[in-house]
Amino acid sequence: GQVIRISRNVLMARLKIPDQGKINIYGTHLCASCEIEEREEQLDELLEFVNRMDMNMPGDNPSVLGGDFNIDRFDNEGAEKFLYEKILAAGFIDAYAESIITNSGGQETLDTLCEDEDNADEHCTVGVSELDGPNARRIDYIFARRPSAIRDAKVVFNTLVNDSEPTVSDHAGVFTSMNLP
């Protein structure tokens, strides 16, 4: 009969990369078992914070926003897709998706990245290890604002696709390599 509220936060770090410049890095984890409206409220506050921090920092530095967003573009007939689109409307790109789609030679689109929850592919980030159950989904993202180029991207620790990788979590990791302006 008790309700325990779990607050979610965002962590921000500003890195100075020698001979490259500065970059703002944000990490977050949005709620999983909440209603879409609650996740939308968290996302709105997250984007407001990121925008406020980026505007108050001197220079026009790129930003990276990553983490477990618990946003599945396919779940409930696309009911959560608008949350993903809010992030893009805030000036971010889905760095992973952009790299995969660009380098696939037309074989991949945004709608083919972990599209079938019953058949995990190399793009899924949850439901892909021995630590969790079925229902493979893509809910972990790396978004970028103002990178000069996305060089490479891949999902790591997806043991259903690559059993030579270790199981380190109930989520796979998302890796991107990008150039700074």
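Worth pointing out:
- Candidate set from the stretch 52-78 (those that are assigned to a strand (DSSP E or B) and within 25 Å of residue 19 (Cβ to Cβ)); member that is nearest to the chain's Cα centre (by Cα): 66
- Once the stretch 105-130 is narrowed to residues that are surrounded by fewer than 12 Cβ atoms within 10 Å (Cβ to Cβ) and more than 14 Å from residue 161 (Cβ to Cβ), the residue that is modelled with the lowest pLDDT is 118.
- Test: residue in the stretch 79-90 that is under 27 Å from residue 16 (Cβ atoms), modelled with pLDDT of 90 or more and either open to solvent by less than 70 Å² (accessible area, probe 1.4 Å) or in contact with a helix residue (DSSP H, G or I) (Cβ under 8 Å, 6 or more places away or on another chain) (or both): yes
- Of the residues in the stretch 37-47, none is without any contact (Cβ under 8 Å) to a residue 12 or more places away in the chain and open to solvent by less than 80 Å² (accessible area, probe 1.4 Å).
- Those residues of the stretch 7-51 which are within 16 Å of the chain's Cα centre (by Cα), in a strand (DSSP E or B) and of a type in the set (A, V, I, L, M, F, W, C), in sequence order: 10, 11, 12, 25
The values are calculated or read from the model by the stated rules, or taken from the named source; none is laboratory data. Just so we're clear, the structure is a prediction, and the values are computed from it rather than from any experiment. Please note: Cβ atoms are built from the backbone with ideal geometry, for glycine as well, and neighbour counts cover all protein chains shown. Just the protein is used for accessible areas: all its heavy atoms, side chains included, with ligands, DNA and RNA removed. Shrake-Rupley method; radii C 1.70, N 1.55, O 1.52, S 1.80 Å.
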